[in-house]
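In what follows, a single structure is set out as structure tokens and then discussed.
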Amino acid sequence: MSFAISDDFIRTENAKHEAALAEDYDALGRQLARRGISIEQITARAMAFAVAVPTWGVGTGGTRFARFPGPGEPRNIHDKLEDCGVINQLTRVTPNVSPHFPWDKVADYNALRQEAASHALGFDAVNSNTFQDQRSQHLSYKFGSLTHAEKSTRMQAVEHNLECIEIGRQLGSTALTVWIADGSNFPGQSNLNAAFDRYLESLRLIYDALPKDWLVFLEHKLYEPAFYATVISDWGSSFMAALELGPKARCLVDLGHHAPNTNIEQIVARLIRAGRLAGFHFNDSKYGDDDLDSGSVDPFRLFLVFNELVDAEMRRVKDFAPAYMIDQSHNVTDPIESLIASAVEIERAYVQASLIDRALLEAAQDGSDVMLGHRLVKQAFITDVSPILAEARRRKAGAIDPLALYRASGYRAHKTVERPPVEGTSAGIV
């Protein structure tokens, strides 16, 4: 029988921390009350927050040089759902998973949907994969997929995306995420405008096949593996494509898919204003698309992104319903631990951004009071909202200290016994 962390174990472990949490929560409540903030209202916001986890994220990732598989890593989508269920069980903030195809293909998707539900999980956006050649694939994507010079290769990539839409429909998803690696490594390799035109031609076929209530998320990336020119390299290219395709096309922002020092929160603000923000893929970076754990390198940047997202939420921007997902590669840690920590840090940034006095901030901005505006933002960022996050988890039957509880449960050790290593696992990112 497969090992699972029991609710009784969570209650037992929580009991060790409840007195200290109550003390810290009350102290923070008094501090916030002096600033005119109700801690109960903020806790309710924390309890309502959610971010999806990727099925591929629970496996060990890698680089262009190597991948070092971890013990007990998932061998298939069924193991992945089990691991994703544990993350949500402990954090109570990751109720949906985002699958990737063909990595997560099965014969019966209605059964897979029921299996996910047994782990208290639903399905977020589905992801297509035309950035790798698959074993049964007839034509190669070495020189492009949706933008390939040969129409037959483009149509193969289109057909795969149409298949993903049908799979997603059976799983209860309502969005398709499209990221392509298409581009060039040499000047003269490809006509830059012709490649973009072919992208639009291919996406139009995919867009027209979307169910009535679906969206397509266009994901851009500055470089890698195309190091000279990437077809959809920035938010401008993504935005141009979305405008030409129609209102169901939105622009997805990944924290690592930009040039160094790019003001990502400003991009988020612009896309919100245009009504074209699909959502956000959370991770962290130091040099480029490093896919590090969220909040591990620059938590202030993560907070500033949420400052814009929460501002739009508070202003009740029309049709503002961004999809949030973690998109990381866990090369040297237990992936479950990284995803638990990242989910907490993402929720932390959201809660901190919710502490900003928006009326006072607007008055400071209108009055050109530079220091007051900055301090209002910084005050929210330096507020330790850990008691709020822990209390929100406790009230939803999650873990007060999810990482410590996960380690105490012995989950990884049990899975190491239950899951003998196999070749060709679809877990992780390489």
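The values are calculated or read from the model by the stated rules, or taken from the named source; none is laboratory data. Keep in mind that what you see is a predicted model, and the values were worked out from it rather than measured. All Cβ positions, even for glycine, are placed from backbone atoms using ideal geometry, and neighbour counts span all protein chains on display. To get the accessible areas, we keep the full protein, side chains included, count just its heavy atoms, and leave off ligands, DNA and RNA. Shrake-Rupley method; radii C 1.70, N 1.55, O 1.52, S 1.80 Å.
The table below gives the values:
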| quantity | calculated |
| --- | --- |
| Matching entry among Thr63, Thr12 (being surrounded by fewer than 19 Cβ atoms within 10 Å (Cβ to Cβ), out of contact with any helix residue (DSSP H, G or I) (no Cβ under 7 Å at 6 or more places or on another chain), within 30 Å of Leu176 (Cα to Cα) and of a type in the set (S, T, N, Q)) | Thr63 |
| Every pair of residues 6+ apart whose Cβ atoms lie under 7 Å, when the first sits in region 15-44 and is within 13 Å of Val385 (Cα to Cα) while the second is assigned to a loop (DSSP other than H, G, I, E, B) and among the hydroxyl-bearing types (Ser, Thr, Tyr) | Ile42/Ser354 |
| Lone qualifier among Ser173, Ser190, Ser152 - being open to solvent by less than 10 Å² (accessible area, probe 1.4 Å) and either more than 22 Å from the chain's Cα centre (by Cα) or among the hydroxyl-bearing types (Ser, Thr, Tyr) (or both) | Ser173 |
| Any pair with Cβ under 8 angstrom, 6 or more apart, that starts in region 71-88 at a residue that is over 15 Å from Thr416 (Cα atoms) and ends at one that is in a loop (DSSP other than H, G, I, E, B) and of a type in the set (Phe, Trp, Tyr) | Ile77/Trp103 |
| Filter result for the condition that a residue is part of a strand (DSSP E or B) and buried (at least 16 other Cβ atoms within 10 Å of the Cβ), over Ala269, Ala278 | Ala278 |
| Within region 97-117, tally of residues that are assigned to a helix (DSSP H, G or I) and either free of Cβ contacts under 8 Å to residues at least 12 places away in the same chain or hydrophobic (A, V, I, L, M, F, W, C) (or both) | 5 |
| Residue that is surrounded by fewer than 17 Cβ atoms within 10 Å (Cβ to Cβ), of a type in the set (D, E, K, R) and within 24 Å of Arg394 (Cα to Cα), where the choices are Arg30, Arg34 | Arg30 |
| Failed condition for Thr12, given (1) under 18 Å from Gly410 (Cα atoms); (2) in contact with a Leu (Cβ under 8 Å, 6 or more places away or on another chain); (3) of a type in the set (Val, Ile, Thr) | (2) |
| Within region 193-215, tally of residues that are touching a Lys or Arg at 6+ places or on another chain (Cβ under 6 Å) and either open to solvent by less than 10 Å² (accessible area, probe 1.4 Å) or of a type in the set (Lys, Arg) (or both) | 1 |
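Rundown of residues vs (1) in a loop (DSSP other than H, G, I, E, B); (2) closer than 30 Å to Pro69 by Cα; (3) among the hydroxyl-bearing types (Ser, Thr, Tyr); (4) open to solvent by 20 Å² or more (accessible area, probe 1.4 Å), yes/no style:
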position: Ala343; (1), (2), (3), (4): no, yes, no, no
position: Ala349; (1), (2), (3), (4): no, no, no, no
position: Ala359; (1), (2), (3), (4): no, no, no, yes
position: Gln365; (1), (2), (3), (4): no, no, no, yes
position: Met371; (1), (2), (3), (4): no, no, no, yes
position: Lys378; (1), (2), (3), (4): no, no, no, yes
position: Ala399; (1), (2), (3), (4): yes, yes, no, no
position: Ala404; (1), (2), (3), (4): no, yes, no, yes
